[in-house]
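The values are calculated or read from the model by the stated rules, or taken from the named source; none is laboratory data. All of these numbers come straight from a predicted model, not from anything done at the bench. Cβ atoms come from the backbone with ideal geometry, glycine included; neighbour counts cover every protein chain shown.
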Ligand code: ATP
Ligand code: MG
């Protein structure tokens, strides 16, 4: 069965949305097969966000993502990678459709880093890479 890597980001934890987000995963019929809470290090994030390390927003992204604990989750189900991306909504919460997690709960736009509550792998290959990284 297909797996994806999901994360409740620090703003999601701080705003008390862990339960809501887990409920959406389970209501959709996806199975949570692993879960843990941790505060990511800058080193881990540099690997996780390798495609973004040279972007102008990267330093702000690291500040945001190391500001507190996150919940790291492996979820499993039919086409879970694409399905979860739909459920999260657009990266920018202002543009995310109502009904999506970012559309319903997203609020913050810091000048430098988008705070958008959740992460989801963008492909099956990314999912495998991220699962190996976060659950080594
Ligand atoms: P994620 O990878 O976290 O699931 P995503 O795939 O929708 O989100 P990416 O393009 O991979 O978005 O960007 C990773 C994260 O970096 C975003 O979720 C957001 O927090 C931040 N980010 C992306 N683009 C910008 C930007 N232009 N300005 C500020 N922050 C950004
Ligand atoms: Mg991404």
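Listed values, structure above:
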quantity: Hey, residue 80 within 15 Å of ligand 1 (Cβ to nearest atom), under 17 Å from residue 135 (Cβ atoms) and in contact (Cβ under 8 Å) with a residue 40 or more places away in the chain or not; calculated: yes
quantity: Single match in 83, 68 (criterion: modelled with pLDDT of 95 or more, surrounded by fewer than 21 Cβ atoms within 10 Å (Cβ to Cβ) and under 18 Å from residue 13 (Cβ atoms)); calculated: 68
quantity: Region 101-127: number of residues that are crowded, with 16+ Cβ neighbours inside 10 Å, more than 13 Å from the chain's Cα centre (by Cα) and at pLDDT 95 or above; calculated: 2
quantity: Some residue of region 53-66 being within 24 Å of residue 1 (Cα to Cα) and under 14 Å from the mean Cα position of the chain (by Cα); calculated: no
quantity: Selection from region 39-57 of residues that are within 12 Å of ligand 2 (Cβ to nearest atom) and either assigned to a loop (DSSP other than H, G, I, E, B) or at pLDDT below 95 (or both); calculated: 49, 55
quantity: Looking only at region 85-100, and only at residues there that are within 15 Å of the chain's Cα centre (by Cα) and not in a helix (DSSP H, G or I), the one that is farthest from ligand 1 (Cβ to nearest atom); calculated: 100
quantity: Test: residue 68 is closer than 18 Å to residue 29 by Cβ and more than 13 Å from ligand 2 (Cβ to nearest atom); calculated: no
quantity: Where a residue in region 48-74 is free of Cβ contacts under 8 Å to residues at least 12 places away in the same chain and its partner, wherever it lies, is surrounded by 15 or more Cβ atoms within 10 Å (Cβ to Cβ) and part of a helix (DSSP H, G or I), with Cβ under 6 Å and at least six apart; calculated: 52/58
